[in-house]
Amino acid sequence: MNDQDRESLYRAVARLHAENIGQGFLPSLGQDFLALLYRAIDESPESTLIPAYEDNQVCGFIAGAIRLKPVYLRLLLHWPALFMALAPSLLRPTRLWRILEILRYSREDGVETARVPLPDAELLSLAVAPGCRGHGHADSLYEGLRRFFARQGQVSFKIMVGADLSRAIHFYRRMGAVPAAEITLHRGASSTVYVQACTDAGGNSTAATV
């Protein structure tokens with residue numbers, strides 16, 4: 001994939017994130033920032049960005065990382081574009097505080113209210129365009145992330161899901177993820193941490209198929 005195609009991919013993923021994961025804080029930082037973030041995820045050796053295609057168009061994606069620090073360091077390599085993307089937010093104290101809060105969470109002790117050991121690897125985001133849902137894309141993307149983590153020597157990965165996201169909770173449970181901890185992030189917002197095994201007892205993938 002050449003540089004132009006990669007830039008188109010990051011823009012398409014940023015648009016999908018903004019349109020389908022709109023309840024989070026990151027979309028408020030703009031699609032330019034999201035495109036840079038997914039570029040950093042794609043470029044870091046400890047993270048991955050996997051797209052799904054339908055009719056030669058990006059219709060979904062999944063992103064995951066073993067650690068977020070390398071992603072943020074990679075993001076800083078694009079500092080001129082990063083500054084331009086974040087400039088409007090840096091002038092707003094509430095947004096600046098949320099940015100700092102996200103950076104704080106990215107440290108190893110970010111999940112500070114969990115009482116059980118949790119995997120380092122994490123599913124960061126998953127989205128499929130509404131018109132392409134029900135075609136198996138989410139299952140395939142999830143399986144692709146599972147294989148990536150397994151190749152990296154990870155036994156399992158975590159998924160943080162807001163308590164009110166019933167459709168996401170149903171999907172992750174169907175795929176085999178189990179609740180492991182309740183945490184509080186972002187000024188009191190409650191989330192459940194699910195843990196997904198990368199392989200079954202025989203070393204094989206265990207993703208559901210539909």
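Taken together, the values in this text are just the output of simple stated rules run on the coordinates, not laboratory data. Quick caveat, the model's predicted, so the values are computed rather than measured. Cβ atoms come from the backbone with ideal geometry, glycine included; neighbour counts cover every protein chain shown.
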Scanning the range 137-175 for residues that are in a strand (DSSP E or B), touching a helix residue (DSSP H, G or I) at 6+ places or on another chain (Cβ under 9 Å) and either free of Cβ contacts under 8 Å to residues at least 24 places away in the same chain or more than 15 Å from Cys198 (Cβ to Cβ) (or both) gives Val161, Gly162
Here the residues within the range 116-136 that are touching a helix residue (DSSP H, G or I) at 6+ places or on another chain (Cβ under 8 Å) and either crowded, with 19+ Cβ neighbours inside 10 Å or assigned to a loop (DSSP other than H, G, I, E, B) (or both) are Ala121, Leu123, Leu124, Ser125, Leu126, Ala127, Val128, Ala129
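Inside the range 1-31, can you point out the residues that are of a type in the set (A, V, I, L, M, F, W, C) and either farther than 26 Å from Gly162 by Cα or surrounded by 15 or more Cβ atoms within 10 Å (Cβ to Cβ) (or both)? Write out each step before concluding.
Kept after step one, since they are of a type in the set (A, V, I, L, M, F, W, C), are these residues of the range 1-31: 1, 9, 12-14, 16, 18, 21, 25-26, 29.
Selection gives Met1, Leu9, Ala12, Val13, Ala14, Leu16, Ala18, Ile21, Leu26, Leu29.
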Check your understanding: Is it the case that the range 3-24 has a residue that's aromatic (Phe, Trp, Tyr) and in contact with an Asp or Glu (Cβ under 8 Å, 6 or more places away or on another chain)?
Key -> yes
